[in-house]
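In what follows, a single structure is set out as structure tokens and then discussed.
The values are calculated or read from the model by the stated rules, or taken from the named source; none is laboratory data. All values reported here derive from a predicted model rather than from experimental measurement. Here the Cβ positions follow ideal geometry from the backbone for every residue, glycine too, while neighbour counts run over all protein chains shown.
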Amino acid sequence: MRDHLFNTEKLKYVKGEKPDVACVLCAIRDGDRKADNLEVARRDGFIVSVNLYPFNPGHVMIFPERHVETLQDLSDGEALALHRLAADTLRFLTEEFRPDGFNVGYNLGKGSGASVPHLHLHIVPRYANEVGFLDVLAGTRLTVVDPAEARDRLRKRFASL
Ligand SMILES: [Zn+2]
């Protein structure tokens with residue numbers, strides 16, 4: 001049975017079965033019960049959240065508390081705060097999950113594959129022994145760390161700052 005694997009949930013999400021809220025990231029910000037509580041940390045106007053449908057163990061997003069949809073909407077101060085938070089997050093992910101590398105980036109606009117317009121920076125740990133994206137699409141891929149467990153492990157790291 002594959003129903004318990006998180007990647008199958010991701011496929012549901014891609015197909016449109018999203019939480020019934022106007023913006024899922026604003027819902028996380030507001031503690032809306034329709035959005036699962038995935039928040040790891042909150043600092044300087046930004047939130048670090050575990051991705052509910054992780055591509056890999058430790059996949060997180062960093063997003064501004066205010067609903068903006070482009071990088072150009074961030075002030076210089078916000079851009080610096082985001083960079084510092086991303087740097088700390090990369091350090092904690094390295095300590096906690098020991099990945100072999102990271103993909104860090106934005107999906108901007110409908111043509112990019114973005115499913116949520118609220119600006120968010122993906123940080124995806126990469127592992128030398130991971131399987132490919134086709135395995136994800138085929139539903140055969142196992143994500144071995146529960147998102148809630150990843151959240152709790154990272155919360156401890158941020159709490160130690
Ligand atoms: Zn939003």
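Consider the range 50-87. How many of its residues are surrounded by fewer than 20 Cβ atoms within 10 Å (Cβ to Cβ) and in contact with a His (Cβ under 8 Å, 6 or more places away or on another chain)?
Of the residues in that region, 3 qualify.
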May I ask you to list the residues in the range 25-49 that are surrounded by fewer than 14 Cβ atoms within 10 Å (Cβ to Cβ), within 14 Å of the ligand (Cβ to nearest atom) and among the acidic types (Asp, Glu)? Asp30
Which residues, taken from the range 66-83, are in contact (Cβ under 8 Å) with a residue 12 or more places away in the chain and part of a helix (DSSP H, G or I)? Leu71, Asp73, Glu78, Ala81, Leu82
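Identify the residue in the range 50-73 that is out of contact with any strand residue (DSSP E or B) (no Cβ under 7 Å at 6 or more places or on another chain) and more than 16 Å from the ligand (Cβ to nearest atom) and, among all such residues, is nearest to Asp32 (Cα to Cα).
Of all residues in the range 50-73, those out of contact with any strand residue (DSSP E or B) (no Cβ under 7 Å at 6 or more places or on another chain) come to 52-54, 66-73.
From what's left, more than 16 Å from the ligand (Cβ to nearest atom): 53-54, 72.
Numbers: Tyr53: 18, Pro54: 20, Gln72: 27 Å.
Filtering the range 50-73 for residues that are out of contact with any strand residue (DSSP E or B) (no Cβ under 7 Å at 6 or more places or on another chain) and more than 16 Å from the ligand (Cβ to nearest atom), the one nearest to Asp32 (Cα to Cα) comes out as Tyr53.
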Just a yes or no: is a residue in the range 63-83 closer than 12 Å to Phe46 by Cα and within 12 Å of the chain's Cα centre (by Cα)? yes
Only one of (1) on the phi > 0 side of the Ramachandran plot; (2) more than 16 Å from the ligand (Cβ to nearest atom); (3) at pLDDT 95 or above does not apply to Gly113, and that is (3)
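With respect to Ala22, is the statement that it is aliphatic (A, V, I, L, M), surrounded by fewer than 17 Cβ atoms within 10 Å (Cβ to Cβ) and either more than 17 Å from Tyr106 (Cα to Cα) or within 14 Å of the ligand (Cβ to nearest atom) (or both) true? Before you say what the answer is, go through the steps one by one.
Working: aliphatic (A, V, I, L, M): yes; surrounded by fewer than 17 Cβ atoms within 10 Å (Cβ to Cβ): yes; either more than 17 Å from Tyr106 (Cα to Cα) or within 14 Å of the ligand (Cβ to nearest atom) (or both): yes.
Taking the combined requirement at face value, the residue satisfies it.
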Failed condition for Arg91, given (1) assigned to a loop (DSSP other than H, G, I, E, B); (2) under 16 Å from the mean Cα position of the chain (by Cα): (1)
Hey, could you check the range 88-104 for residues that are touching a residue at least 60 places away in the same chain (Cβ under 8 Å) and of a type in the set (D, E, K, R) and say which is surrounded by the fewest Cβ atoms within 10 Å (Cβ to Cβ)? Glu95
For residues in the range 116-133 being at pLDDT below 80 and among the hydrophobic types (A, V, I, L, M, F, W, C), which is nearest to the ligand (Cβ to nearest atom)? Phe133
